[in-house]
Amino acid sequence: MAQAEPTCLEKWKVSKGAGVHARGQWASKSEFLLAVAGQIIGLGNVWRFPYLCYKNGGGVFFVPYLLFLVLCGIPLFLLETSLGQFTSLGGVSAWKTICPIFGGLGYASQMMILHGCVYYIVILAWALLYLCYSFQPQLPWSHCNNTWNTEACFLFDHQNQTANVSNPPDNAASPVMEFWEREVLHLSDNLDELGPISWKLALCLAAVWLVCYFCVWKGIKSTGKVVYVTATFPYLMLFVLLVRGATLPGAAQGIVYYLKPNHTRLADPQVWMDAGTQIFFSYGICLGSLTALGSYNKYNNDCYKDSYLLCLLNSGTSFLAGFAIFSVLGFMAQEQNVDIATVAQSGPGLAFIAFPRAVAMMPLPQLWAVCFFLMIIMLGLDTQFVSLEALMTSVSDSYPDLIRRGYRRELLLLFVCVVCFGVGLIMVTPGGLYVFQIYDHFSCSGASLLLLSIFQSVAIGWIYGAERFCSNIKDMSGRKPLLLFKLCWKYVTPAVCTATFLFSLFRWSPLRLGKGLAAPSWATTLGWLLTLSSVSLLPIWAVYALAVTPGNLSQRLTRLCRPGTSAAAYIPAVPLPQKPPRDLLGH
């Protein structure tokens, strides 16, 4: 039998003496679980899921949500995590090794991570500024006596409405809204007026980027330790807010609104669309992060069991967060004597308008404001720096001899952070909110995630082989996945994702920006260019690979559909590291 070619890991160990650092592994199983939990459990669990549940039929929303979870979420989650563990490579190198013609999947996911790193961290800058203001003797968004308040500022509360002490002016604005628009954002009237950079937000943005850099700069050595705090602290804060919310008057009313079933909503296709997009957003699918994090596992780690546990934790957190959020919103609705529909919001509107207004009505409002914004910062922080870690993993795996020497990795990470910070400064201008909304809607949009999900399923289910991939998982974990996973990778997941994608195109409508503005045509065009900047890398890579691979078209396709091939000069000779399970071809 011919002697096996040295694996990547062996090459790295040999070359370590020449100055190339070893790739490394998680120091313990808990580091991996906490890192993945930190990546997938983020702001969407707190400010998006509860609102979608309330909006789409309460408890009935769990029917489409659980169907999408079983048919798309868990199969793709297991696919990406086990792919990283099996190859011990990041997103780019893993796909080029397992299915070379689909190598563009890795590049597309890294481009989406890069876009996400630019805009997602701006939310943390907003939250940090709110946190700083929360230490004042009186919360500045709880009254109209600030320098930024206008004559239209009106304090809406229960006393005003019941006693009819004063009538609000026609253009009345609440102090929390004026604080958000006039003090935090300095919001301009339209997208054409970007205006000067807000130095307060710029400093907050720089501070958050600095924290992210030092969380990632030593690779998983630092990331694995930081997640013990960033992944667990939000649960402590969520529990505190849940207990506090449950003791407030009106809490029961809010929870009833959150879960009250409305079976007629199941006939609305938009409900199913919301359930599907929530699964893709909240599980971090198709961003390459799961593959990168899984790649630092030991070969025999039980990734099959881990995927079930992490998916259960993610959805359970979303469900629990709904009780904390809607108990507080129920209290606010009762205090203001209004219907809860007028105070229930999703996204930044919940974190920076609805919830700050609610905590201003509580005893010890500063304490609850600090708890809430610390939770927001921690939820977003670990998602941000784990995404950075995934990006650096892919680059380092693609060019190990170049990056893993001296302090090159740290310098490259510093360069990435500085560039992303520079681009992000556009979003801390008076028109920055509009730019943020365009990035949020298009760069990591549902269309991009759905397309990548379709091609991932096709690559594993049809090109590499679902049965072979199941055997690989069994070889690693000792458990062979259920037949359902093979059926999902081959048929169900691509079909469901394709149907959801087509429906999203059919129901597409122009983006609505802040202040009710419709996005101008040039902004929509820019948004679709952001989408294409990642998705287009799939066909570009496939065409390039076919062009540089020797042989006729049939030979090229055969070589590019075989895992572990090094037939073409553009594909690095990257046989699987650690314990090669028989071999990639199933022999």
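The values are calculated or read from the model by the stated rules, or taken from the named source; none is laboratory data. As the structure is a prediction and not an experimental result, all values here were calculated from the model. We place every Cβ from the backbone using ideal geometry, glycine too, and count neighbours over all the protein chains shown. Note: areas computed on protein heavy atoms with side chains; ligands, DNA, RNA excluded. Shrake-Rupley method; radii C 1.70, N 1.55, O 1.52, S 1.80 Å.
Suppose R0 equals 56 Å. What FRET efficiency, 1/(1 + (r/R0)^6) with r the Cβ-Cβ distance, do Arg562 and Ala172 give to the nearest 0.05?
So, using R0 = 56 Å, E works out to roughly 0.25.
Cα axis of helix 432-442 to longest principal axis of the chain: angle in degrees, 0 to 90, nearest 10?
40 degrees
For the pair Leu312 and Val548, how long in nm is the line joining their label points, each one 7 Å along Cα→Cβ?
4.6 nm
Hey, can you find the accessible area per residue of segment 315-370 for me, probe 1.4 Å, expressed in square angstrom?
Averaged over the residues of segment 315-370, the accessible area is 28 Å².
Please list, by residue number, every one of the trypsin sites (Lys or Arg not before Pro) in segment 460-524 that is coil in DSSP and has at most 11 other beta-carbon atoms within 10 Å.
Arg507
Is there a quick way to get the dipole size of segment 200-279? I mean about its Cα centre, with the Cβ of Lys and Arg at +1 and of Asp and Glu at -1; what is the value in debye to the nearest 20?
Numbers: 7 positive and 2 negative charges, 75 e Å.
Result for segment 200-279 is approximately 360 debye, rounded to the nearest 20.
Could you work out the mean projected area of the convex hull around the alpha carbons of segment 376-477, in square nanometres to one decimal?
So the mean shadow area of the Cα hull is 10.0 nm².
Compute the angle between helix 199-216 and the longest alpha-carbon principal axis of the chain, please, reported from 0 to 90 degrees and rounded to the nearest 10.
The helix 199-216 is inclined about 30 degrees to the chain.
Points 7 angstrom from Cα along the Cβ direction at Tyr228 and Glu193: gap in nanometres?
According to this spin-label approximation, the distance is 5.1 nm.
Whole number in Å², please: accessible area per residue of segment 411-498, 1.4 Å probe, ligands, DNA and RNA not counted.
For segment 411-498, the solvent-accessible area averages 35 Å² per residue.
Tell me whether segment 215-308 comes out rounded, prolate or oblate; compute the Cα gyration tensor, take square roots of the eigenvalues as a ≥ b ≥ c, and use a/c under 1.5 as the rounded threshold.
oblate
Within the chain, what is the longest stretch that has no GluC sites (Glu not before Pro) placed in a DSSP loop and near at most 13 other beta-carbon atoms within 10 Å?
It works out to 194-587.
Determine the share of the chain's accessible area contributed by carbon and sulfur atoms, expressed in whole percent, with a 1.4 angstrom probe.
On the chain, the fraction of accessible area on carbon and sulfur atoms equals 66 percent.
Counting Lys and Arg as +1 and Asp and Glu as -1, what is the net charge of the other residues whose Cβ lies under 15 Å from the Cβ of Leu287?
On the way: positive: none; negative: Glu80, Asp382, Glu389, Asp440.
My count for the surroundings of Leu287 gives -4.
Taking 0.36 nm per residue of sequence separation and subtracting the Cα-Cα distance, how much length would be gained by fully extending the chain between Leu526 and Ala341, in nm to one decimal?
Working it through step by step, the gained length comes to 63.2 nm.
Karplus couplings for segment 422-429 from phi (6.51 cos²θ - 1.76 cosθ + 1.60, θ = phi - 60°), rounded to Hz, Gly and Pro as x?
x, 5, x, 4, 4, 8, 10, 9
Can you give me the angle between helix 537-548 and the longest principal axis of the chain, using Cα atoms only, in degrees from 0 to 90, rounded to the nearest 10?
Computed tilt is about 20 degrees.
Each residue of segment 370-382 in turn: what ³J(HN,Hα) in whole Hz from Karplus with 6.51, -1.76, 1.60 and θ = phi - 60°, glycine and Pro shown as x?
Karplus-based 3J(HN,Hα) across segment 370-382 equals 4, 4, 5, 6, 5, 4, 4, 5, 5, 4, x, 5, 6 Hz.
Tell me what the chain gives for mean residue ellipticity at 222 nm when only DSSP H runs of n ≥ 4 count, each as -39,500 (n - 2.57), the sum divided by the residue total, rounded to 500 deg cm²/dmol.
Working: 29 runs with 358 residues, N = 587.
It comes out at -19000 deg cm²/dmol, rounded to the nearest 500.
Charges at C-beta only: +1 for Lys and Arg, -1 for Asp and Glu. How large is the resulting dipole of the chain about its Cα centre, in Debye rounded to 20?
Around 2200 debye, computed over the chain.
If you look at just the Cα atoms of segment 323-406, how large are its Rg and its Dmax in Å?
So, for segment 323-406, Rg and Dmax equal 20.1, 65 Å respectively.
With a 1.4 Å probe and every protein chain left in place, work out the accessible area per residue of segment 180-312 in Å², rounded to a whole number.
That works out to 43 Å² per residue.
Need one number for the chain: average projected area of the convex hull over its C-alpha atoms, nm².
Values: hull surface 110.2 nm².
Computed as one quarter of the Cα hull surface, the answer is 27.6 nm².
Which entries of Lys221/Lys486; Lys29/Lys486; Lys305/Lys490; Lys218/Lys474 have Cα-Cα distances beyond 24 Å here? Can you show the working numbers first?
On the way: Lys221/Lys486 35 Å; Lys29/Lys486 27 Å; Lys305/Lys490 21 Å; Lys218/Lys474 32 Å.
Flagged as over cut-off: Lys221/Lys486; Lys29/Lys486; Lys218/Lys474.
How long are the three semi-axes of the equivalent ellipsoid for segment 274-327, computed from the Cα gyration tensor as the root of 5 times each eigenvalue, in whole Å, largest first? Before the final figure, lay out each step's value.
Numbers: eigenvalues 134, 40, 15 Å².
One finds semi-axes of 26, 14, 9 Å for segment 274-327.
Over all distinct alpha-carbon pairs, what is the Kirkwood Rh of segment 58-102 in angstrom?
12.1 Å
For segment 298-362, which trypsin sites (Lys or Arg not before Pro) pass both filters: DSSP loop (anything but H, G, I, E, B) and at most 15 other C-beta atoms within 10 Å?
Here the sparse-neighbourhood loop sites are Lys298.
Projecting each Cα onto the charge dipole of the chain (Lys/Arg +1, Asp/Glu -1 at the beta carbon, about the Cα centre), which of Ala35, Gly551, Ser521 comes out farthest on the positive side?
My answer, from the dipole projection, is Gly551.
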